[in-house]
Structure formats: C-alpha cells, structure tokens
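Down below is the structure, laid out as structure tokens.
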Amino acid sequence: MKILVVDDDRFNLRVARDIITANVDHAGVLICDKPETVMELLATENIGVVLLDIVMPGLNGIDLLRQIRRREEYRDIQILMFTGLADQDSLRECFEAGANDFIAKPINPTVLVARTRAAIKVRRYILQLKETLQRIDEQYTDLQDMTRKLQETQFSLFQTEKLASLGQIAAGVAHEINNPLGFVSSNLEILERYLGKVRESLNVYQNLGRQLADPRVPRAVLAGMQQKIAEQKEQNKLGIILDDLEPLIGETREGVDRVAKIVQSLRNFARDGKEDEFARHDLNQIVEEALLIMQNEIKYIAHVHRKLGENLEIECDRVKIGQVLVNILSNAVQAIKNQRRDTLGNITVETGLDGDNIICRIVDDGTGIREEHKSRIFDPFFTTKPVGEGTGLGLSIAYGLVKKHGGDLWMDSEWGRGTLFTIRLPRSGATA
Ligand SMILES: Nc1ncnc2c1ncn2[C@@H]1O[C@H](COP(=O)(O)OP(=O)(O)OP(=O)(O)O)[C@@H](O)[C@H]1O
Ligand SMILES: [Mg+2]
C-alpha cells in the first residue's frame with residue numbers, strides 16, 4: 001500500500017516523504033505537486049492513504065478531496081489534510097467533504113508519523129473487514145444453496161416415503177384381500193362338490209319315494225333300494241358333508257366380512273363413505289359405551305381412570321366415534337399386555353372442552369411407540385403385531401373417521417413409558 005503526499009510546496013513534500021520513509025514501516029511514499037494529476041495516480045497506483053494540502057494554486061485541496069470521494073472505489077482511502085493556522089475555517093468543510101484526519105502545518109514529525117501510521121492501520125482494517133464481509137457473503141450464499149439442496153432432498157425423501165407408503169398400502173390391500181378371497185373360493189369349490197353329491201342322493205331318495213307310493217312294487221325291490229340308499233349315503237359321506245357344511249359356510253362368511261371390512265376402511269380412508277348419521281350426543285356417553293364394549297378385554301389388563309368433563313354435547317355419528325374410541329382403547333390394552341407385567345396397567349380417559357372443540361385424551365402406560373414407527377402408525381396395514389393378530393387398520397380407520405368429523409387425531413408417545421392419543425372434534429360436527 002502506498003502513501004501519496006500532495007502539496008504545491010516541494011520543500012514540504014520532501015520533508016514529509018523523508019520523515020515517513022524513515023519512520024513508517026513498509027510504506028512506499030509518492031509525492032505530487034500537481035493536484036490535477038492525482039486522479040490519474042489513484043487509478044494507476046495502489047494508494048491507501050493521501051496526505052493533502054488544502055491551499056494549492058489551480059485545484060485546491062477541498063475540491064480535489066470532493067473529486068476523490070465522488071468515486072465509489074476511493075471511498076475508503078484515508079485522506080489527511082495539511083492545515084495551516086489560516087485554514088481553520090476550511091477544516092470543517094474538509095471533514096464534511098469526507099476527510100478522515102488533519103495534520104497541522106508547520107509539520108511536526110511526531111504528529112505526522114503518528115497520524116500516518118494510524119491512517120494506514122485504519123485503511124488495513126477496512127480492507128480486512130471488506131474481505132471478511134465478502135467471505136461471509138459467500139458463505140451465506142453457500143449456506144442458502146445448501147439449505148435449498150437440503151430442502152429439495154427432504155422433499156424428495158418425503159415424496160419417496162409417501163410413494164413407498166402408497167406402494168405398501170396397495171401391496172397390503174392386495175395381500176389382505178387375497179387371503180380371504182383365497183379361502184372363500186376354495187370353500188366354494190368344496191361346496192359345489194358337496195352339492196353334486198347331495199343332489200345325487202336326493203335323486204335316489206326321490207326315486208325311493210315314488211316306488212314306496214306304488215303298491216305294485218314288491219317289498220324285495222324296496223328292500224334292495226333301501227340297501228342302495230344306505231350304500232350311497234356311505235359312499236357319498238353325506239354325514240360328513242352335513243357336519244362340514246356349517247363351519248364351511250361360517251368360514252366363507254367370515255372371509256367375505258373381512259373383505260367388506262377392508263373395503264369399508266379404505267372408503268373411510270379415502271373419505272368417500274356413505275352419508276353419515278349425525279346427531280347431537282353426549283361424548284361421555286359414547287366413551288362409556290366404548291368402555292363397556294371393551295370391558296371384557298380391559299378388566300384383566302388395566303385399571304380405567306375417568307376424568308370426564310361436563311356439557312360435552314357434540315354433533316357426531318355416535319357409532320363412528322365409538323369405533324374410534326374402541327380402536328384406540330384396544331391398542332392401549334394390547335400395548336399394556338405386551339409388557340407382560342405382573343400388575344395391572346393404567347388407562348386414563350379424559351374429556352373436556354377447548355373453545356369450540358371437544359377434546360378426548362386416552363393415555364396408557366404400555367410399551368410406547370418406537371421413534372421409527374411414529375410416522376407410520378396411521379398408515380393402513382402398518383402393524384407391529386404378529387401375523388393374524390393385527391390388520392394394521394385400527395388407527396387408519398380411526399383417523400379417517402375423525403377427519404370426516406372435521407376433527408383431528410394425533411399421538412404423543414415415549415418408548416418404554418406409554419402413549420397418549422388426543423382426539424379433537426368440533427362441537428358443531430363436520431363443517432366440510
Ligand atoms: N397405545 C399404543 N401403544 C403402543 N403402540 C401402539 C399404540 N397404538 C398403536 N400402536 C402401534 O401402532 C400400530 C398400528 O395400530 P393399528 O391400530 O392401526 O393397527 P393394529 O393394532 O396393529 O391392528 P388392528 O387394529 O387392525 O388390529 C400397532 O401395531 C402398534 O405398533
Ligand atoms: Mg389396533
């Protein structure tokens with residue numbers, strides 16, 4: 001960095017240059033007695049500090065100062081004015097025009113050195129600061145860039161997770177429906193075969209009936225037919241068929257019911273079920289009904305604590321809200337059961353008002369839900385239960401039903417401690 005001294009007095013210039021060169025480290029000094037050439041020098045030399053005389057013939061110091069400051073790139077150059085006693089009035093003007101400091105004339109070497117060193121220091125700090133600011137700016141841009149990329153990644157992860165869940169749902173539906181459909185169709189095959197045999201036997205019976213009604217048929221022939229019937233009955237295993245029919249039909253009906261349940265739950269999930277039967281009900285009563293239905297399951301597993309509020313009338317479909325409660329309660333029971341503890345667990349049901357909403361909380365001190373499962377528990381067919389024990393539909397059905405009521409259902413849980421489900425329902429029923 002160079003120091004430029006501008007003065008029309010060549011003697012002054014030399015004195016200043018000698019003092020600075022001798023006392024200020026690493027400072028290259030340029031001197032100039034023609035103020036008109038200063039702008040040119042600034043453009044070609046790396047000048048950080050200018051010592052500028054005020055009174056000069058031609059272009060005076062203040063005008064030159066203004067010219068320099070007008071240029072953006074020279075705003076940080078440190079400019080110190082040389083001022084004689086007679087220039088005191090101009091000094092204020094100089095500061096207004098952007099001077100940084102002044103040095104009184106005649107020049108006192110100590111002052112000159114001190115002020116020049118200070119100016120160099122300031123100039124260096126400014127440069128460092130600018131550099132730092134630029135670096136921060138770059139880092140900020142980098143950071144913004146990274147945040148954007150992160151958001152994009154997160155978004156695409158979210159998308160893939162959603163898609164994965166959709167895929168899983170589709171696979172789940174296919175699997176769940178395929179199973180009952182499999183045994184329904186094999187049962188139908190068996191029933192068809194049975195039907196053939198029954199029909200065969202029926203023909204023989206009908207034949208016998210006709211023969212019996214005819215007095216001309218000799219008894220020996222009838223006895224022969226009776227014998228044949230007995231044989232055929234044995235051959236067609238009619239007794240076994242009759243015994244088998246009832247469970248076969250029962251099992252088939254169960255399969256059909258299961259498919260119906262899956263379809264119904266999917267409908268709930270897709271929110272295109274039949275119109276609901278909304279009416280005013282007391283939420284506490286629905287809670288009691290749900291507890292009653294669950295009583296048998298709960299009583300050997302947990303104590304039930306009720307903290308029921310008052311005036312909890314709500315516009316809702318009571319069967320559906322009951323279903324929501326039962327689904328959540330049965331999960332609570334299972335979570336406590338899974339702990340295989342010696343004492344009873346605890347299930348607390350709390351109801352109350354929150355503005356225009358009714359809140360119902362169901363808390364259990366069961367296993368809790370693992371962190372990695374939390375985002376999936378409302379997905380249809382997500383279950384941690386062994387095959388055959390859970391369909392994974394309970395919560396997805398409950399969620400769909402609560403949403404249909406214009407409400408919300410959410411969960412808080414800590415693995416190892418327990419789970420809280422909160423249901424929020426608008427008192428006025430679904431507004432959507
Ligand atoms: N109160 C709870 N405590 C611990 N885990 C829970 C609780 N409620 C739900 N879960 C977890 O969420 C999963 C999904 O629950 P959901 O009711 O949808 O299906 P499920 O109980 O497995 O099967 P289904 O209800 O169809 O018999 C459960 O398998 C279980 O892992
Ligand atoms: Mg369940």
Carbon/sulfur accessible area of the chain, % of total, 1.4 Å probe, equals 52 percent
Mind checking which lysines have their Cα closer than 28 Å to the Cα of K105? Skip sequence neighbours fewer than 8 apart in that chain.
K2, K34, K121
Hey, which of these cross-link pairs are over 30 Å Cα-Cα: K261/K299; K149/K374; K197/K261?
K197/K261
Expressed in square angstrom to the nearest 10, the accessible area of M81 with a 1.4 Å probe stands at 0 Å²
Amide H contacts under 5 Å for A302, restricted to residues at least 5 apart in sequence or on another chain and with H modeled in the peptide plane, are G345
At 20 °C and 1.002 mPa s, what whole-number value in µm²/s does Stokes-Einstein give for the translational diffusion of the stretch 226-375, with Rh from the Kirkwood sum over Cα pairs?
111 µm²/s
Accessible area in the full protein assembly, largest first, 1.4 Å probe, for F381, F102:
F102, F381
Quick check: the distance between the Cα centres of the stretch 34-97 and the stretch 297-329, to the nearest angstrom?
86 Å
Which value at 222 nm does the chain reach when only helices count, each DSSP H run of 4 or more adding -39,500 (n - 2.57), with the total divided by all residues and rounded to the nearest 500 deg cm²/dmol?
-20000 deg cm²/dmol
Listed highest first by mean packing, meaning other Cβ atoms within 10 Å per residue, what order do 44-50, 32-38 come in?
44-50, 32-38
Label-point gap, in nm, between Q211 and Q88 - each point 7 angstrom along Cα→Cβ
15.3 nm
The stretch 279-426, relative contact order [Cα under 8 Å, separation at least 6], %:
24 percent
How about K337: which aspartates and glutamates have a C-alpha closer than 18 Å to its C-alpha, ignoring those fewer than 8 places off in the same chain?
E297, D364, D365, E389, E414
Calculate the translational D of the chain in whole µm² s⁻¹ from Stokes-Einstein, where the hydrodynamic radius comes from the Kirkwood formula applied to all Cα pairs, the temperature is 20 °C and the viscosity 1.002 mPa s.
68 µm²/s
Sort 220-231, 369-380, 390-401 for me by packing, meaning the mean count of neighbouring Cβ atoms within 10 Å per residue, highest on top.
390-401, 369-380, 220-231
Taking the solvent-accessible surface of protein heavy atoms with a 1.4 Å probe, what is the per residue accessible area of the chain in Å²?
61 Å²
I need the calculated FRET efficiency for the pair H175 and R71, taking r as the beta carbon distance and R₀ as 60 Å, to the nearest 0.05.
0.20
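The values are calculated or read from the model by the stated rules, or taken from the named source; none is laboratory data. Model, not experiment: these values are computed from the prediction. Heads up, the Cβs are rebuilt from the backbone with ideal geometry, glycines too, and the neighbour counts pull from every protein chain shown. Protein only, heavy atoms only, side chains kept; ligands, DNA and RNA dropped before computing areas. Shrake-Rupley method; radii C 1.70, N 1.55, O 1.52, S 1.80 Å.
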